[in-house]
Amino acid sequence: ETGYGEEDGYGRWGGGSFTWVEATDRDLSLDLSNWGCVDISEDEEMVPETFFEDQEPDDETFEPTGNEGVNAERQYADAEAIVVWPRSQRWSIATNNDTSRMGKYLLKACEEGGPDSEPKEDCIKKAKILIPRVENSKLDVATLMRCILMIGDKLLAKQFLTSYLSDSKGSPDATFEHMQAFIDRFGADTINPAFLTSVNATSFAADPTGMANFLIKYHNTLGQKTSNEQLTENLIGAFVHSMCPPNKKDCRVPAKDPDKFPLNAILGIFIGDKHNSSGTLARCVLEGYVWLSCQPIKYNSWSSTRTQTPEGPELLPSAALSILSLCETFGWSEYENVLVDAVEKLCIYGKADIAIALVEKFAPTALAGDTSDQSRVCARMASIACEKILVSSQPHHKSDTLTTYKKLVKVIGTYCPSQAPRFVEAAKSLDVDSILYPLVLNVTLRSTASECMKSSLGLLTLHCAHILNSRVSTDLGSITVWSLPHANLSRNSAYSSFLRNPCKQVHDWKVKKSDHSGFLADLGLLIRLGEVKAESYKPGRSGAYHFKITKLKSQSVPVSSLSSLTCSCSSGSSSRYSSYRPYYQSASSADCLLKKHKSTASKYCEDEKKLNVIKALLMPPAEVVAQQYPQQLQQGKHQPSQQQQRPLQRRLQKLDVLYTAPSLGLTLALVNNTQAHVKEISPTAPNANMVRANDVLVGVNGKRFEELGLKIEGNSSFHNAIEKLKDVKRPMLVMFERWVTINDAGGKPGQQNEVATRKRPASASTSSGIVGQAPLAVGSGAQGQHLKRPAKKPKSTDVIDLT
């Protein structure tokens, strides 16, 4: 019993003694040795009612709670009691009216010859009482089925199955453990009809996934027995009818989300069955799943009803192998409409990438000239998916968009080349930097694309070139910076960083009046030079004194030259006057002038590099040029003109060659202790048609060895430069230089030039070859003074094999 007590006044928070005052609640229970604990009503079931009032408690505890007083609790115990109840009520009293305990009681009562056994008629009555109470517990269902098997009454078994399985809350899966025993004991004629009633539209809508899992479990175990063939066939038919009734109006919206529906396993039931009805049933399962996945699911919460937006048939790719097997067994025409409908639904619910993936999984192995039903169905699916993607704006994420458009290149080229113009127009609206540029530079994609999609990628490459060219065609211009040429004349740390900061013109801060004279003296030279103006004042002619420095001279600096400038916008001041600086004048990197324009310059340089790569991609390979200009390549076939007979001059040509493989296939030699010359070229070397013997290797990735701090001045630095070259991450751009013979008057390539070498102005940026095509080298001839090959014979001091 619980109640409250009082403190004797000498203790605090349990330190003193307490006295029981009054009981407020009492709870009695009876522990039966054979049946467990049962509740007791003291007023109605205790004799005498005041039995425990005269007893001393076995335990008494007090718990002070502060403002709520002292809580008290007493416990009484008695070892023995005489318990009397009506024999007819023994079951409910001994089990405390608990369903699980009632089932265990009945299990003992059904044991013939046991100490607690009861007559069969009494067991049947108790079992009928339990039938409507076990629907929510799988364990209770199993216990009751064991009791029914022990009783052996056929009508009772039929009543249980009919009642339990017809209830929408009852799960057939709970009866699975003892179902075969039921069939063996009571006969299939008794069990099957009742069992089939459990598979209906109502129970399917209540839990589609649970119903499907039960059917799979039954088919893979009990359904394999010859005696259960008819029941298995009937169950499958009932399941399919519940999932896809002939009249679509009879379909019921599911109560649970089918996101874990075992579609692949359900379809696996029909694989290997050659009957035409199996193909039709499998098609109905697909139709039912497509419809099911497009239905909104309503959830009832304590405050409102929420509706979950459907996701569409996104599980189809996981069942692609089963669907493919069914289509090959029963024909693609059987499943054509449902597959096309599934693709449409996927696109409607924003899963166009899944639709494309589905087409890829169903694609025939051999595509060239394929006119099979499989190709026709894939073509229909691909046409719908591609059209939906190109018309809509999905997918929304840039990474998803790039992946989807890569797939579109293959799918459109294979199944629906008529969509190529629309593909180009849709792709032109995409972001160049994150989508189009990596798309057109994908070498594998270009090499495996069909002819129409190669043309489409060529148009997109040209589009990228136009966009990038428009970005870099305008000069970045100049900006005004506040850099003082004589800032070093000031020694005061309170504002020295400001004087050197090119981003700030005015520095105004609160400071003690006594320090102003020192500031003016320190700034005297800068003031006389007219570079700054300084003033001491009170804002609003009252309050604390401020000191203000204003820069008077500015400089115009090209944006492209900002890399040499630094500022202190993002660094804090360590001056003793830092505490006087108002919060609104604290340095902020977000307002930094240099940072803003350096970012613009960096983007400009990045666009230039991308444009050079695109230009190289648009250049025809050497073989194409040779086919277009064969006469110019045939030496001695024509008489040189007077202009061509002029003396030949030599110029330095620069070549940038792209390597993607770890091995360059080159043997390098150190010449004159300052140059890395190509000595030999392996026949299998990458870009072997571009690099020549005696070419000079001068740098990598747009930077010469001198810029990388690797100037070659002997064997040691030569080896360091080569090791640096080996460690550079692929792909890399290797820079070569060579002497070429040109005609001084006409400026055309002489006979010693290769056709794959093209001139560019000296001011142009380097370009690179593209993997997957014949490598291109973009050369630059020096303009102005002609350079001649040195007369001194080079000496070789070291050789390194890069193969």
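The values are calculated or read from the model by the stated rules, or taken from the named source; none is laboratory data. A quick note: this is a predicted structure, and the numbers were derived from the prediction, not measured. Here Cβ is always computed from backbone atoms with ideal geometry, including for glycine, and neighbour counts include all displayed protein chains. Remember, those area values only see protein heavy atoms, side chains included, never the ligands or the DNA or RNA. Shrake-Rupley method; radii C 1.70, N 1.55, O 1.52, S 1.80 Å.
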Item to check | Inter-label distance for Lys428 and Ser493, nm, one decimal - labels placed 7 Å from Cα along Cα-to-Cβ | outcome: 6.2 nm
Checklist entry - Accessible area per residue of segment 476-535 at 1.4 Å probe, in Å²? => result 48 Å²
Checklist entry - Quick one: Karplus J couplings for segment 234-246, per residue in order, coefficients 6.51, -1.76, 1.60, θ = phi - 60°, nearest Hz, x for Gly and Pro? => result 5, 5, 4, x, 5, 5, 4, 5, 5, 7, 9, x, x
Next on the checklist: Under a Cβ-only charge scheme (Lys and Arg +1, Asp and Glu -1), can you give me the dipole magnitude of segment 1-105 about the Cα centre, in debye to the nearest 20?
Outcome noted: 780 debye
Checklist outcome for this item: With all protein chains present, segment 410-478 has a carbon and sulfur share of its accessible area (1.4 Å probe) in percent of 54 percent
Next on the checklist: Suppose each label sits 7 Å from its Cα in the direction of the beta carbon; what would the Lys138-Val728 distance come out to in nanometres?
Outcome noted: 6.4 nm
Checklist outcome for this item: Place a point 7 Å from the Cα of Lys217 in the direction of its beta carbon; the residues of segment 178-205 whose amide N falls under 13 Å from it are 178-180
Item to check | Farthest positive-ward along segment 1-118 dipole, Cα basis, beta-carbon charges - from Thr61, Ala94, Val47 | outcome: Ala94
Item to check | Extension gain (nm, one decimal) between Val559 and Glu44, 0.36 nm per residue minus Cα-Cα | outcome: 175.6 nm
Checklist entry - Nearest 0.05, what FRET efficiency do Glu680 and Lys454 give at R0 = 45 Å with Cβ-Cβ as r? => result 0.80
Item to check | Range of Cα positions in segment 286-365 per principal axis (Å), largest first | outcome: 54, 23, 18
Item to check | Cross-link table Lys454/Lys615; Lys504/Lys548; Lys406/Lys615; Lys256/Lys298, entries beyond 19 Å C-alpha to C-alpha | outcome: Lys406/Lys615
Checklist entry - Along the charge dipole of segment 385-465, Cβ charges K/R +1 and D/E -1, which of Cys464, Ser392, Leu402 sits furthest on the positive end? => result Leu402
Next on the checklist: Using square roots of five times the C-alpha gyration tensor eigenvalues, list the equivalent-ellipsoid semi-axes of segment 320-379 in whole Å, biggest first.
Outcome noted: 19, 13, 10
Item to check | Where labels lie 7 Å past Cα in the beta-carbon direction, separation of Gln55 and Ser17 in nm | outcome: 2.5 nm
